1. Please verify whether Arg81 is closer than 23 Å to Ile158 by Cα, outside any helix (DSSP H, G or I), modelled with pLDDT of 80 or more and touching a Phe, Trp or Tyr at 6+ places or on another chain (Cβ under 7 Å), treating the condition exactly as stated.
2. Can we say Pro115 is crowded, with 16+ Cβ neighbours inside 10 Å, modelled with pLDDT under 95 and either farther than 30 Å from Ala38 by Cβ or in contact with a Cys (Cβ under 8 Å, 6 or more places away or on another chain) (or both)?
3. Quick check on my filter: what residues within region 36-67 are over 23 Å from Thr118 (Cβ atoms) and either without any contact (Cβ under 8 Å) to a residue 40 or more places away in the chain or under 11 Å from the mean Cα position of the chain (by Cα) (or both)?
4. Does Tyr14 qualify as being surrounded by 13 or more Cβ atoms within 10 Å (Cβ to Cβ), farther than 21 Å from Pro155 by Cβ and touching a helix residue (DSSP H, G or I) at 6+ places or on another chain (Cβ under 7 Å)?
5. Could you check region 37-64 and list, in sequence order, the residues that are surrounded by fewer than 19 Cβ atoms within 10 Å (Cβ to Cβ), within 12 Å of Lys151 (Cβ to Cβ) and of a type in the set (A, V, I, L, M, F, W, C)?
6. Among (1) modelled with pLDDT under 85; (2) in contact with a helix residue (DSSP H, G or I) (Cβ under 6 Å, 6 or more places away or on another chain), which single condition is Arg55 missing?
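The values are calculated or read from the model by the stated rules, or taken from the named source; none is laboratory data. Since the structure is predicted, the reported quantities are computational estimates derived from the model, not experimental observations. Here the Cβ positions follow ideal geometry from the backbone for every residue, glycine too, while neighbour counts run over all protein chains shown.
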Amino acid sequence: MRARNYRAVKGQPYTRKEYVKSLPMPKITKFTMGNPTAKYEYQLRLVALEKAQIRHNALEAARVAVNRHLSRHLGKEYCLRILPYPHTILRENKMIFGAHADRLQDGMRRAFGKPIGTAARVKPNQTIITVNVNSEQIETAKEALKRGKAKLPIPCRIVVEKLPPD
């Protein structure tokens, strides 16, 4: 199945893992990178513009793209956080088709399906990724978030905010 089949938010989220026998582990494991204890002047946020589900492998691809660009250009002088966690379990009712199939299998209507992965549900104006940097590193962080935005299935915008001094 393609990712666009799971992008739309339909029905109640299926999150009860105690009833699922073989749930694949989420690909994303690290949610905070860089140096989270340092003091930074600016925070850049990647904000969703639409309601959607983002699959765990899309979140991981965005994290890798942003983190790679930041670590190459800034070393450890940043703090990157991925905020949504993929709780919703995605299911697929597999259909048989192939070499000797004259027609595709219709299968049962409204079949339950087997778990194939997880997804995070996001709402409009919800923050997906935050990057904390100092003033001279804002352009590098914007470019990194632009690269991460290309990996996500929904339109996003980048918001730059000045952090209050402590």
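1. Answer is yes for this residue.
2. Criteria met by Pro115.
3. Scanning region 36-67 gives a single hit, Thr37.
4. In short, no.
5. Scanning region 37-64 gives Ala61, Val64.
6. It fails just one condition, (1).
Rundown of residues vs (1) among the hydrophobic types (A, V, I, L, M, F, W, C); (2) touching a His at 6+ places or on another chain (Cβ under 9 Å); (3) in a strand (DSSP E or B); (4) modelled with pLDDT of 95 or more, yes/no style:
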position	(1), (2), (3), (4)
Arg91	no, no, yes, no
Phe97	yes, no, no, no
Asp106	no, no, no, no
Ala120	yes, yes, yes, no
Thr130	no, no, yes, yes
Asp166	no, no, no, no
